[in-house]
């Protein structure tokens, strides 16, 4: 357990008897989080927990850290993997049942914020199910549900859909070298069987889809200020599968006023690398292939064209290459 969570301050009124305990006017402080609500315990048959809890702000980045994708950090994590990967035994989660609702005025993960998130939770016989009852992600409703099965490890499955959210606001909070804008839609269904630490994303499987309408890309300085003019595109999107932490797609598209790009490839979430091949159609130019590969944080570009064509398109495509690379990289880095 993270060190900040090992101390809890509690103020509550309670009443109970030999079979139950009720906590009303419940107020707790866990690290920097104020939690309030009601909690009830009943152990006549098995331990049963009933609750309704709320917190103004829950920042998971404080405890989980934000994945930066740095090479040294990734190599260090790999070096520690064997030592830290101890098997889990979570069968004790089958010894009690729980049902209730939790609410966070603001929920933060990977620097992204969800407002007024409400989850309904129910657990019985080591099976936990949850669904969102409310929540706004950059102006759009959050629809999420999933389940977790606790045994010697945990099996989980989760589904998430967010339609037409403000990509510019999300990209601004997430930071990075590229600013993306437009109205974005994402959906994903993922599952995994995890028996110890450091097994994700290698055990992650599922399917995903994203699209962006009326989008734009703009470079960002290290201090967060935007530089240059935005490069706009009409639409972009892709869909595919995730197998053992590797996302694959064959239907990527990006459309602008004078260009169309199609293609696909893979992004390996285990080591933040990618290899994608595209076909580019630009106004008044022959069709040509392009490859985007290497590190997700610093990808390389290879254009398959003759010398004459390369000289012609060299300056024209520079802005487009930035757009394409950052749409592909930025969308994955936003939610990885």
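The values are calculated or read from the model by the stated rules, or taken from the named source; none is laboratory data. Quantities reported herein were computed from a predicted structural model and do not represent experimental measurements. Because the Cβ atoms are built from the backbone with ideal geometry, glycine has one as well, and the counts that use them run over all protein chains shown.
Side notes on the structure shown:
- Scanning segment 105-116 for residues that are touching a strand residue (DSSP E or B) at 6+ places or on another chain (Cβ under 6 Å), surrounded by 15 or more Cβ atoms within 10 Å (Cβ to Cβ) and either in contact (Cβ under 8 Å) with a residue 24 or more places away in the chain or assigned to a loop (DSSP other than H, G, I, E, B) (or both) yields 107, 108, 113, 114.
- All conditions in (1) more than 26 Å from residue 168 (Cα to Cα); (2) at pLDDT 90 or above hold for residue 251, with the sole exception of (1).
- Applying the criterion of being assigned to a loop (DSSP other than H, G, I, E, B) and either surrounded by 12 or more Cβ atoms within 10 Å (Cβ to Cβ) or on the phi > 0 side of the Ramachandran plot (or both) to the residues of segment 71-88, the residue that is modelled with the lowest pLDDT is 85.
- For residue 138, the criteria (1) at pLDDT below 95; (2) at positive phi hold in every case but one, which is (1).
- Every residue from segment 146-165 that is part of a strand (DSSP E or B) and over 17 Å from residue 209 (Cα atoms): 146, 147, 148, 149, 150, 151, 153, 154, 155, 156
- Taken over segment 199-216, the criterion of being surrounded by fewer than 17 Cβ atoms within 10 Å (Cβ to Cβ), within 17 Å of the chain's Cα centre (by Cα) and closer than 20 Å to residue 167 by Cα is satisfied by 209 alone.
- Residue within segment 153-164 that is under 20 Å from residue 240 (Cβ atoms) and buried (at least 18 other Cβ atoms within 10 Å of the Cβ) present: yes
- Residues that are under 28 Å from residue 232 (Cα atoms) and either part of a strand (DSSP E or B) or modelled with pLDDT of 90 or more (or both), drawn from segment 174-206: 178, 179, 180, 181, 182, 183, 184, 185, 186, 187, 188
- Just one of the numbered conditions (1) modelled with pLDDT under 85; (2) closer than 30 Å to residue 25 by Cα is not true of residue 93: (1).
- Cβ pairs under 8 Å, 6+ apart, first in segment 117-130 and on the phi > 0 side of the Ramachandran plot and surrounded by fewer than 17 Cβ atoms within 10 Å (Cβ to Cβ), second at pLDDT below 95 and not in a strand (DSSP E or B): 125/94
- Within segment 181-198, considering residues that are touching a strand residue (DSSP E or B) at 6+ places or on another chain (Cβ under 7 Å) and within 17 Å of residue 88 (Cα to Cα), the one surrounded by the most Cβ atoms within 10 Å (Cβ to Cβ): 192
- When restricted to residues that are surrounded by 14 or more Cβ atoms within 10 Å (Cβ to Cβ) and out of contact with any helix residue (DSSP H, G or I) (no Cβ under 8 Å at 6 or more places or on another chain), segment 217-237 contains 7.
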